[in-house]
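Just below is one structure, and these are the notes that go with it.
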There are 2 protein chains.
Amino acid sequence: MVKVMATGTFDLLHMGHIYFLKEAKKHGDTLCVVVATDTTVRNLKHEPVNPEQIRLDLISELTIVDEAYLGYEDDMYKIVEEIRPDIIAIGYDQIHNEEIIKNELKKRNLSAKIVRLSEYKCGSDLDGTRRIIQKIISAYEFQKKMEQIEKK
Amino acid sequence: MVKVMATGTFDLLHMGHIYFLKEAKKHGDTLCVVVATDTTVRNLKHEPVNPEQIRLDLISELTIVDEAYLGYEDDMYKIVEEIRPDIIAIGYDQIHNEEIIKNELKKRNLSAKIVRLSEYKCGSDLDGTRRIIQKIISAYEFQKKMEQIEKK
């Protein structure tokens, strides 16, 4: 049984996430997903829309996901030590230095192999959390503009 | 095998949707989900954020869902005739007149039982598509205000 681990924010679930998880699972039999905590998301990119518990609960509802966990804040390798995956799958756009990860895993006697996944190209332009947010904001701005025009 | 049918927009998937689907499935063995088309959503409430194909694809990824279909636009009973469910589960907030549905089913020789589901009370305040959109807009307005203050 080959255990694959994949990590992410998974805010506003979209088909880009599904593609990422399916690509990850192709490398093994069991897919363990680590959901980043709100603090981690804030530090790395921005305030999440959905809090960590909701993001974890939703990810757990997917057929493709066998196990789901919240990550740790202080030490990102702590969850790797607990899950002990055979493969760590990294998304094409996830900013991780593979060499640094490999060295750290070696130091901790963890034998996981790092796999960089390919880009998701064939989907809709809504397959991204930022793009979904942008569509909502554009619709809101358009509505506000229409209301201003109608008031005049 | 008792077949349950549940219908909805399922835009910006959230735990309220999951609760609805789980409550529906409690009434049978197989859960068939009908996703409303973009035209239907526009007529009934508002412009959906995610187009119908994405909403359908995401719903199909849930463990709880056995079969997923797009609804028809002209005749909402056409999909009922195809699925032939034993139970039609209606959400607590779905505006459907149960008597009208019952009569229409009878006319078409469909024997499905209508079940009205209970309200989802224990979740986060983000368990609603409108609330998720509102949170995104509030964050955007706050950011804009901060930028204006910083410019002064």
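Taken together, the residues in the range B:1-43 that are among the charged types (D, E, K, R) and either buried (at least 23 other Cβ atoms within 10 Å of the Cβ) or free of Cβ contacts under 8 Å to residues at least 12 places away in the same chain (or both) amount to 3.
Tell me whether the range B:130-146 contains one or more residues that are aromatic (Phe, Trp, Tyr) and modelled with pLDDT of 85 or more. Yes: one or more hits. Checking the range B:103-112 against the condition returns no match, with no residue being within 29 Å of B:Met1 (Cα to Cα) and within 16 Å of the chain's Cα centre (by Cα). Among the residues of the range A:96-138, those identified as of a type in the set (A, V, I, L, M) and in contact (Cβ under 8 Å) with a residue 12 or more places away in the chain are A:Ile101, A:Leu105, A:Leu110, A:Ala112, A:Ile114, A:Val115, A:Leu117, A:Leu126, A:Ile132, A:Ile133.
Please verify whether the range A:86-96 includes one or more residues that are under 22 Å from A:Lys26 (Cα atoms), more than 17 Å from the chain's Cα centre (by Cα) and not β-branched (Val, Ile, Thr). Walk me through how you get there before you give the answer.
Looking only at the range A:86-96, we keep the residues that are under 22 Å from A:Lys26 (Cα atoms), and these are A:86-96.
In the following step, the residues that additionally are more than 17 Å from the chain's Cα centre (by Cα) were identified as A:86.
Next, from what is left, pick out any that are not β-branched (Val, Ile, Thr): A:86.
Yes.
Residues of the range A:70-78 include at least one that is under 12 Å from the mean Cα position of the chain (by Cα) and either surrounded by 20 or more Cβ atoms within 10 Å (Cβ to Cβ) or touching a residue at least 12 places away in the same chain (Cβ under 8 Å) (or both). Evaluation of B:Glu73 against the conditions (1) touching a His at 6+ places or on another chain (Cβ under 7 Å); (2) under 14 Å from B:Thr7 (Cα atoms); (3) of a type in the set (Asp, Glu) shows that the sole unmet condition is (1). Look at (1) more than 14 Å from chain B (Cβ to nearest Cβ); (2) at pLDDT 90 or above; (3) surrounded by 14 or more Cβ atoms within 10 Å (Cβ to Cβ) and you find that A:Ile54 fails only one, number (1). The strands (runs of 3 or more DSSP E) found wholly in the range B:65-123 and carrying at least 3 residues that are within 24 Å of B:Thr39 (Cα to Cα) occupy B:67-70, B:87-90.
Looking at the structure I just gave you, is B:Ser138 within 23 Å of B:Thr39 (Cβ to Cβ), within 14 Å of chain A (Cβ to nearest Cβ) and polar (S, T, N, Q)? In short, no.
Considering the range B:1-10, and only residues there that are within 21 Å of B:Asp75 (Cα to Cα) and among the β-branched types (Val, Ile, Thr), the residue that is nearest to the other protein chains (Cβ to nearest Cβ) turns out to be B:Thr9.
Among what's in the range B:11-47 and is in a loop (DSSP other than H, G, I, E, B) and within 11 Å of chain A (Cβ to nearest Cβ), pick the residue that is modelled with the lowest pLDDT.
Residues of the range B:11-47 in a loop (DSSP other than H, G, I, E, B): B:11-14, B:26-29, B:36-37, B:45-47.
From what is left, the residues that are within 11 Å of chain A (Cβ to nearest Cβ) are B:11-14, B:46-47.
Values: B:Asp11: 94, B:Leu12: 93, B:Leu13: 94, B:His14: 93, B:His46: 81, B:Glu47: 87.
The selected residue is B:His46.
The values are calculated or read from the model by the stated rules, or taken from the named source; none is laboratory data. Just so you know, these numbers come straight off a predicted model, no measurement behind them. Reconstructed Cβ throughout: ideal geometry from the backbone, glycine too, with neighbour counts over all protein chains shown.
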